[in-house]
Structure formats: C-alpha cells, structure tokens
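Student: Below is the structure I would like to discuss, written out as structure tokens.
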Amino acid sequence: MPTEKIKRSYRKTRYILYKETLIDYKEHFWSFLGSFVGIGILSYLEASKFAGSDVLFLIGSFGASSVLIYGIIQSPFSQPRNLIGGHLISAFIGVTVNKLVPDIVWISAPLAVSLSIIFMQITKTLHPPGGATALIAVTGSAQIKGLGYMYVISPVLVGVLILFVIALIFNNITSSRSYPSHSTYHKHYHKIRKRLTGKK
C-alpha cells in the first residue's frame, strides 16, 4: 500500500513538472511578472526601511519560494498552507535553536533544518525554502539574530504574506492559471474576489 502511494505521488510530481516546464510564453510572462513584483516590493521595503544596514527583510529563502509560487503553482509545496505555515514553523524553530545553542554552528545549523523538516511534515506544511528560513535564523548576521522571535513576524510573516497576495493576483489573472490549485480554496478565493469587485 505505501509503495502504491509513493508511485502515485511520483507520477503526479512528474506530470506537474512536465506541464510546468512546457514552453508557454504566456505562462513565462506571468511567472516573470509575479515574481518581479513580489520580490520588487520586498526589495523596495528593504531599501527604504533598512538602508545602510545588513539585508534583513530580503532573506534568501524568499527567492526559492518565488520559484515555487510563481513558477510551479500546481505543486503541493506551493500552496498557501505550505508557503505560510512552512516559513513560520521553520522561522520559529530556527530562532529557538539559536537561543538554545547560540555559538555551536555545527550543531545549531543541522538541528534547526532537521527539526523544521520534521515539524513541517507533522503539520503537513512542507515547503522546501522553509529549511533555508530556519538556517538563516542560526547562521545570519548579528542583526538578524538580534531580532529574536521578531524574525518570525518581520521579515518572515510580513514577507511571506506579500509574496502570497501577489501570487493570488498574478496567478489568477488568466483562465489558464489557478492558485491555490486545490479546487475548494480556489472557489473560495473567487467568491471573495467577486464580492470585493462587485461582480456577479
């Protein structure tokens, strides 16, 4: 039984990757535009709020998340629960590990990443860039470490929500793209959008 489930998941993943890597210039255009705007907003906030300091707002894991939520939008790892939950859980674990084992990088770094993977699996929020978010919390600059648990709120939560809102907009502009890919979430999103825009 587990073997069949693994095979089915493998076939589904191969199909998703095949579909997403087909040469479709319209898809590429919206992927580019969404990621450009999402990362652009974060870059603007970084430049305006933290000018002259270390990069605090624009953490590297956001780049990896952009690949998923703008480029492979049908992937289970790209869905809102995974995007938001994965980053928040990983950030919290990273900060906690840094507080418990602050100066032993060869223990804190693997511990933060490994624990974040386990907790993402338990909560069904697996999001690969989350591992980087946990790692940044223990190996980042003194300014990032100095944020403590505020790191979970800003830059992580604020940044992820910005990327998510932009993904909702740009991944639903055309009829060929739908995000979130889960039909129930997608229907709820369009109901809310119709209410806000006044369309029936």
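The values are calculated or read from the model by the stated rules, or taken from the named source; none is laboratory data. Because the structure is predicted, anything quoted here is derived from the model rather than measured. Virtual Cβ from ideal backbone geometry, glycine too; neighbours counted across all protein chains shown. Note: areas computed on protein heavy atoms with side chains; ligands, DNA, RNA excluded. Shrake-Rupley method; radii C 1.70, N 1.55, O 1.52, S 1.80 Å.
Student: Highest mean first, how do 88-100, 145-157 rank when packing is the count of other Cβ atoms within 10 Å averaged over residues? Display every interim value, and only then the final one.
Tutor: Numbers: 88-100: 22.7, 145-157: 17.3.
Ranked by mean Cβ neighbours within 10 Å, highest first: 88-100, 145-157.
Student: OK, next. Convert each backbone phi in the range 159-170 into a coupling constant with the Karplus relation 6.51 cos²θ - 1.76 cosθ + 1.60 (shift: θ = phi - 60°), then list the ³J(HN,Hα) values in order as whole Hz, x for Gly and Pro.
Tutor: x, 5, 5, 5, 4, 5, 4, 5, 5, 4, 6, 6
Student: Let me ask something additional. So what is the accessible area of the range 28-166 per residue, in Å², with the probe set to 1.4 Å?
Tutor: 45
Student: Just to check I understand the Karplus step: with θ = phi - 60° and J = 6.51 cos²θ - 1.76 cosθ + 1.60, what whole-Hz values come out for the range 40-46, glycine and proline as x?
Tutor: Calculated HN-Hα couplings, in order: x, 5, 4, 5, 5, 4, 4 Hz.
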